[in-house]
Amino acid sequence: MRGTMKFNPVLFLLAMAAALISGACAVTAAPLSRSQIPADSKWVMHLDMNQFASSQTCRLLSSGQGDAKRFQNMLNHYRNLLGVDPLKDIASLTLFGNEVSGNRGVALISGSLNSKQITSQFSTYSQYTTKKNGRLTLQTWVDKGSGKPLWASFYSSRQLILASDEFSLVNAAWVLDGDRPNLAASKNATLPFPATQPGSFFTAVTKGYSGSNPTQAMILRSTESANLQLAENSGIVDGAILLNADSPETAVQIQQILNGLMVSASFTDAGSPLAKLAELSTLSRNGNTMSLKIHCPAGEAASLVGSLLTQ
């Protein structure tokens, strides 16, 4: 996995908890800042590492026991990619993009970053080169996994921009400079964000995403927006997934599909991640809004995430 970075804004029910795989513990709180995200973004994922670091879920996943082994592999991936320890050095990770398909996007990585050390790591990758763009030094190389170029630049001593293409990287820097519209200030921004709950460590929002899985694509194409928030307080994990359908009829259809998937999983494979998720979840509908809520001890949440990571 050395040198590989993929952007995946999938917010479908089956993949919700798997988003935790990118969550590395950290030392500094870093809540989501909408002023750092372009106004035309169609999806955003944000991990507040400080909140996650203090959770029992993090401690259980970081133990590397059982299904949590792949979580350790993901941490090692970031160690290889950046040449830093994500458990100690990364404060937050924010991913976003303005396309609703494919793997194009941007990652903002904040924390205690050693630019010389990370640049030295990047320079070992295939076809590594640099170029200047204003005050920024852009670095690019060919990703070993995908065979496609990746781009990186230090916006500041504590913030690194990684991107799938040069324009996305430079545009992200312009937004940080205040020279391009952002989600916090633009009147044209339509990506909705839920209010941050106490103990929240992961937030994801999408509008108009269309995935390759037929059922997933149908559900998300039929929603005005979808958002997820995960939090832990006193060893209890709460998750809320909201799907705002484009009509009451569509909301009923989505509810029937999700209920069918959960019932089918419970009967055909009681030990599957989806069956475990169904057991821990409450699914309801209010008008156009579908709501799936999870309320469980951290041990059960860690087990569920570990199971999802093995799929």
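Among the residues of the range 125-165, which ones are of a type in the set (S, T, N, Q), within 24 Å of ILE90 (Cα to Cα) and touching a residue at least 24 places away in the same chain (Cβ under 8 Å)?
THR140, SER157, GLN159, SER164
Given ILE161, ILE241, ILE236, which one is surrounded by fewer than 18 Cβ atoms within 10 Å (Cβ to Cβ), modelled with pLDDT of 85 or more, touching a strand residue (DSSP E or B) at 6+ places or on another chain (Cβ under 9 Å) and aliphatic (A, V, I, L, M)?
The conditions single out ILE236.
Taking the stated definitions as given, is ARG79 of a type outside the set (Asp, Glu), under 20 Å from GLN229 (Cα atoms), modelled with pLDDT of 75 or more and surrounded by fewer than 20 Cβ atoms within 10 Å (Cβ to Cβ)? Don't jump to the end; show me each part of the working.
Working: of a type outside the set (Asp, Glu): yes; under 20 Å from GLN229 (Cα atoms): no; modelled with pLDDT of 75 or more: yes; surrounded by fewer than 20 Cβ atoms within 10 Å (Cβ to Cβ): yes.
So ARG79 fails the test.
Can you work out which of the residues in the range 43-72 that are over 18 Å from ILE90 (Cβ atoms) and at pLDDT 75 or above is surrounded by the fewest Cβ atoms within 10 Å (Cβ to Cβ)? I'd like the intermediate steps shown before the answer.
Filtering the range 43-72 for residues over 18 Å from ILE90 (Cβ atoms) gives 43, 56, 60, 63-70.
Within this subset, residues satisfying the condition of being at pLDDT 75 or above are 43, 56, 60, 63.
Working: TRP43: 24, GLN56: 17, LEU60: 20, SER63: 13.
Of everything passing the filter in the range 43-72, SER63 is surrounded by the fewest Cβ atoms within 10 Å (Cβ to Cβ).
Out of the helices (runs of 4 or more DSSP H) lying entirely within the range 58-154, which hold 1 or more residues that are under 21 Å from VAL305 (Cβ atoms)?
Correct list: 69-82, 86-89.
So in the range 230-252, with the set limited to residues that are in contact (Cβ under 8 Å) with a residue 24 or more places away in the chain and part of a helix (DSSP H, G or I), which one is farthest from CYS58 (Cα to Cα)?
Applying the filter and picking the extreme gives PRO248.
Quick one: what pairs do we get from the range 108-122, first residue touching a residue at least 12 places away in the same chain (Cβ under 8 Å), second hydroxyl-bearing (Ser, Thr, Tyr), C-beta under 6 Å, 6+ apart or different chains?
Listed pairs, sorted by first residue: LEU108/THR94; SER110/SER92.
Quick one: which of GLN229, GLN255 is touching a Lys or Arg at 6+ places or on another chain (Cβ under 7 Å) and either under 30 Å from ASP40 (Cα atoms) or at pLDDT 75 or above (or both)? Step through it out loud before you land on a result.
On the way: GLN229 fails: touching a Lys or Arg at 6+ places or on another chain (Cβ under 7 Å).
Every option except GLN255 fails the conditions.
Could you check, for the range 162-174, whether at least one of its residues is outside any loop (DSSP other than H, G, I, E, B) and either more than 24 Å from LEU82 (Cβ to Cβ) or aromatic (Phe, Trp, Tyr) (or both)? Outline the logic, then answer.
At the first step, the residues of the range 162-174 found to be outside any loop (DSSP other than H, G, I, E, B) are 162-163, 166-174.
Going one step further and asking which of them are either more than 24 Å from LEU82 (Cβ to Cβ) or aromatic (Phe, Trp, Tyr) (or both), we end up with 167, 174.
Within the range 162-174, one or more residues are outside any loop (DSSP other than H, G, I, E, B) and either more than 24 Å from LEU82 (Cβ to Cβ) or aromatic (Phe, Trp, Tyr) (or both).
The values are calculated or read from the model by the stated rules, or taken from the named source; none is laboratory data. Keep in mind the model is a prediction, meaning the values are calculated, not measured. Cβ coordinates were reconstructed from backbone atoms using ideal geometry, including for glycine residues, and neighbour counts include every protein chain displayed.
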